[in-house]
1. What is the one condition in (1) open to solvent by 40 Å² or more (accessible area, probe 1.4 Å); (2) within 23 Å of Leu139 (Cα to Cα); (3) in contact with a Pro (Cβ under 8 Å, 6 or more places away or on another chain) that Lys24 does not satisfy?
2. Looking at the structure I just gave you, is Leu109 under 19 Å from Asp67 (Cβ atoms) and open to solvent by less than 10 Å² (accessible area, probe 1.4 Å)?
3. Can you pull out every residue in segment 56-81 that is out of contact with any strand residue (DSSP E or B) (no Cβ under 7 Å at 6 or more places or on another chain), modelled with pLDDT of 95 or more and not hydrophobic (A, V, I, L, M, F, W, C)?
4. Just a yes or no: is a residue in segment 69-76 buried (at least 20 other Cβ atoms within 10 Å of the Cβ) and of a type in the set (Ser, Thr, Tyr)?
5. Identify, from the list Ile40, Ile49, Ile53, the residue that is more than 11 Å from the ligand (Cβ to nearest atom) and part of a loop (DSSP other than H, G, I, E, B).
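The values are calculated or read from the model by the stated rules, or taken from the named source; none is laboratory data. Keep in mind the model is a prediction, meaning the values are calculated, not measured. Please note: Cβ atoms are built from the backbone with ideal geometry, for glycine as well, and neighbour counts cover all protein chains shown. Surface accessibility is based on the protein's heavy atoms, side chains included, excluding ligands, DNA and RNA. Shrake-Rupley method; radii C 1.70, N 1.55, O 1.52, S 1.80 Å.
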Amino acid sequence: MNYTTILTALDNGIFTITINRPDKLNALNAEVFNDLDKVIDEVGGNNDIKTVIITGAGPKAFVAGADITEFNGLSKDEAMALAKRGQDVFFKIENSKKPIVAAVNGFALGGGCELAMACHFRLCSENAKFGQPEVNLGLIPGYGGTQRLTQLIGKGKSMELQMTANMLGAAEALQLGLVNYVTSPETLLEKTKELLTLIQSKAPIAVGKIIECVNVAVVSDSAYTNGKSGYDKEIESFGDCFVTEDMKEGTTAFLEKRKAAFKGK
Ligand code: COA
């Protein structure tokens, strides 16, 4: 298959997907989402692929977020469609019957943290940094982050991280259960492959059923939102942010490389 923004390699059943925009810290633009969408279909349809690694190109970033340049001028409806698109692709990853593991090799911010959290579990290198800094842009996470971060690290810490935009280092991510292992940058892929080789020796149908059942265990409670899921609520709230002055100020300030001045409007 031909992809423009990702690299793929198959080695002993382990399929490595590398997000490949290192000059933009692997930020997720529409093309990356198209490629991820297609490559997960390839994973499902290719019997030679047994397990999958998602990682980022270059030494600095896994993925530094959604591509902020694409936020410019979006209407509320367009913003909601963007969030829906991101959520759909990430659901596809989360619901893959074949294990998909994130090897986080640097910044995993915003959509990058959300991508890692959509994977079945995560390893990271010592230089990894996790965070949901959307509030700096006058925004909230839109690709499932409000839900999955809460599922993974609990309500209080999830609230704090999203409200402060603070980043977590590798040791804290390990302590909170956001990642399962921390390695040196040089041994990250090796350790990930070691675990996947072990998983590949187990019964594949049973492994697929574990994914299905664990995913059911963490489905969000819809009691707060009139029957809508937390993910639907996130799309709506993400859209609401796009009609605020603060969102325009936040994204413009990032692109102009200055600090945002928010007014609460
Ligand atoms: N969207 C678009 N471009 C991005 C990006 C994003 N999310 N994150 C980084 N980039 C671009 C930068 O604009 C820069 O491009 P340029 O060289 O053309 O100016 C390039 O990637 C390198 O990033 P830079 O900011 O210069 O690196 P840094 O080491 O100084 O800072 C970060 C690294 C990760 C702290 C910083 O890039 C950052 O804060 N990124 C945005 C994180 C974010 O808010 N993500 C959530 C988005 S919803």
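1. Failed condition: (3).
2. On the way: under 19 Å from Asp67 (Cβ atoms): yes; open to solvent by less than 10 Å² (accessible area, probe 1.4 Å): no.
Here the answer is no, as Leu109 does not meet what is asked.
3. Gly58, Pro59, Thr69, Glu70, Ser75, Lys76, Asp77, Glu78
4. Narrowing segment 69-76 to residues buried (at least 20 other Cβ atoms within 10 Å of the Cβ): 71.
When the remaining residues are screened for being of a type in the set (Ser, Thr, Tyr), the result is none.
Looking for residues that are buried (at least 20 other Cβ atoms within 10 Å of the Cβ) and of a type in the set (Ser, Thr, Tyr), one finds none in segment 69-76, hence no.
5. Values: Ile40 fails: part of a loop (DSSP other than H, G, I, E, B); Ile53 fails: part of a loop (DSSP other than H, G, I, E, B).
One residue alone meets the criteria, Ile49.
Residue-by-condition table, conditions (1) modelled with pLDDT under 90; (2) out of contact with any Asp or Glu (no Cβ under 9 Å at 6 or more places or on another chain); (3) at positive phi:
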position	(1), (2), (3)
Thr192	no, yes, no
Ile199	no, yes, no
Ile205	no, yes, no
Asp221	yes, yes, no
Ile235	no, yes, no
Cys241	no, no, no
Thr244	no, yes, no
